[in-house]
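For reference, the structure is listed below as structure tokens.
The values are calculated or read from the model by the stated rules, or taken from the named source; none is laboratory data. All values derive from a computational prediction rather than experimental measurement. Every residue, glycine among them, receives a Cβ derived from its backbone with ideal geometry; neighbour counts consider all protein chains shown.
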Amino acid sequence: MQKFIEIVELSKVYPTPRGPAVIVEGFNLDIGKGEFIALIGHSGCGKSTVLSMLAGLNEISDGNVVLDGHEIEGPGPDRGVVFQSPCLLPWMTAFQNVMLGVRQVYPHGSKEEQREIAEYYLARVGLSDSLHKRPSELSGGMRQRVGIARAFALSPKMLLLDEPFGMLDSLTRMDLQDVLLELWGRDRKTALMVTHDVDEAIFLADRVVMMTSGPAARVGEILEVDLPRPRNRAEVLEHPDYYRYREALIAFLADHERQAA
């Protein structure tokens with residue numbers, strides 16, 4: 001595997017009146033170019049903390065992250081981030097929200113080229129008929145589609161997804177998982193997605209990284225998901241290894257829940 005991202009002894013410590021609170025400690029992971037990684041663990045174990053440090057939105061207490069040969073220092077357009085809530089500017093339309101990022105990443109492109117990029121990715125997520133609607137006119141699932149389109153339109157080196165479907169109903173969630181996989185499959189952006197959903201992790205990922213329960217959470221185990229791509233949900237559910245993967249993840253989570261109790 002060609003190392004594209006190296007996460008070395010990553011740690012996050014917050015000062016408190018009772019002394020330092022160690023949230024993540026000694027988190028190590030190498031990610032290959034074009035890999036899709038799912039990061040799973042119990043609530044509060046530090047999954048989103050790891051992702052926010054990779055995004056440059058949360059200061060690293062110790063360790064470092066190297067992306068494509070360069071150590072990250074703060075946020076940058078080389079990382080596209082999709083949060084649970086898509087964080088759209090409410091006074092702008094779906095098109096304008098995507099264009100805001102496109103203009104920053106392609107400042108020397110013509111207005112026509114910038115427009116084509118924004119419209120292309122909004123079309124890919126199924127919003128061709130909603131380009132000029134504001135967030136208040138869109139459903140939760142549609143707003144998240146705008147967030148996904150915006151992240152891909154930036155053409156980042158890495159995608160960081162923090163439980164992007166966690167607030168959606170199950171049918172919308174499955175629909176958007178398919179949208180994400182279809183978009184990702186076009187150019188295989190290196191991706192790391194935080195999730196608490198075992199089935200989502202197996203369906204999307206090449207490897208599932210399981211975090212130990214906090215405090216001082218770190219990588220516990222890594223599960224290789226050897227399912228053929230492109231993936232079809234029905235075929236995945238019928239694959240002979242699917243339930244073995246599922247049992248392994250559930251057993252790990254149950255074991256660490258008992259340890260934390």
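The set of residues in segment 101-124 being under 22 Å from the mean Cα position of the chain (by Cα) and either over 26 Å from LEU181 (Cβ atoms) or among the aromatic types (Phe, Trp, Tyr) (or both) consists of GLN104, TYR120, TYR121.
Do the conditions hold for ARG188, that is, is it under 14 Å from the mean Cα position of the chain (by Cα), surrounded by 23 or more Cβ atoms within 10 Å (Cβ to Cβ) and charged (D, E, K, R)? When the stated conditions are applied, ARG188 does not pass them. Being touching a Leu at 6+ places or on another chain (Cβ under 6 Å) and either closer than 30 Å to TYR14 by Cβ or crowded, with 19+ Cβ neighbours inside 10 Å (or both) holds for only one residue in LEU160, LEU138, and it is LEU160. Residues considered: VAL198, VAL209. Of these, the only one that is in contact with a Lys or Arg (Cβ under 7 Å, 6 or more places away or on another chain), among the β-branched types (Val, Ile, Thr) and surrounded by 17 or more Cβ atoms within 10 Å (Cβ to Cβ) is VAL198.
Give the residues of segment 79-90 that are in contact with a Lys or Arg (Cβ under 7 Å, 6 or more places away or on another chain) and either aromatic (Phe, Trp, Tyr) or modelled with pLDDT under 90 (or both), sorted by residue number. Hit for segment 79-90 is PRO86, nothing else. The residue of segment 75-126 that is surrounded by the fewest Cβ atoms within 10 Å (Cβ to Cβ), among those that are polar (S, T, N, Q) and closer than 28 Å to HIS196 by Cβ, is SER85. The condition (being touching a strand residue (DSSP E or B) at 6+ places or on another chain (Cβ under 8 Å), under 20 Å from VAL208 (Cβ atoms) and not basic (Lys, Arg)) is satisfied by just one residue among GLY63, GLY41, GLY56: GLY41. Candidates in segment 13-54 are the residues that are of a type outside the set (A, V, I, L, M), modelled with pLDDT of 95 or more and more than 19 Å from the chain's Cα centre (by Cα); of these, the one that is surrounded by the fewest Cβ atoms within 10 Å (Cβ to Cβ) is GLY26. Looking only at residues in segment 125-183 that are among the polar types (S, T, N, Q) and over 19 Å from the mean Cα position of the chain (by Cα), the one that is farthest from LEU89 (Cα to Cα) is SER128. Taking VAL219 as the residue in question, decide whether it is touching a Ser or Thr at 6+ places or on another chain (Cβ under 8 Å) and either closer than 17 Å to ILE31 by Cα or buried (at least 22 other Cβ atoms within 10 Å of the Cβ) (or both). Considered against the rule, which asks whether it is touching a Ser or Thr at 6+ places or on another chain (Cβ under 8 Å) and either closer than 17 Å to ILE31 by Cα or buried (at least 22 other Cβ atoms within 10 Å of the Cβ) (or both), VAL219 comes out as yes.
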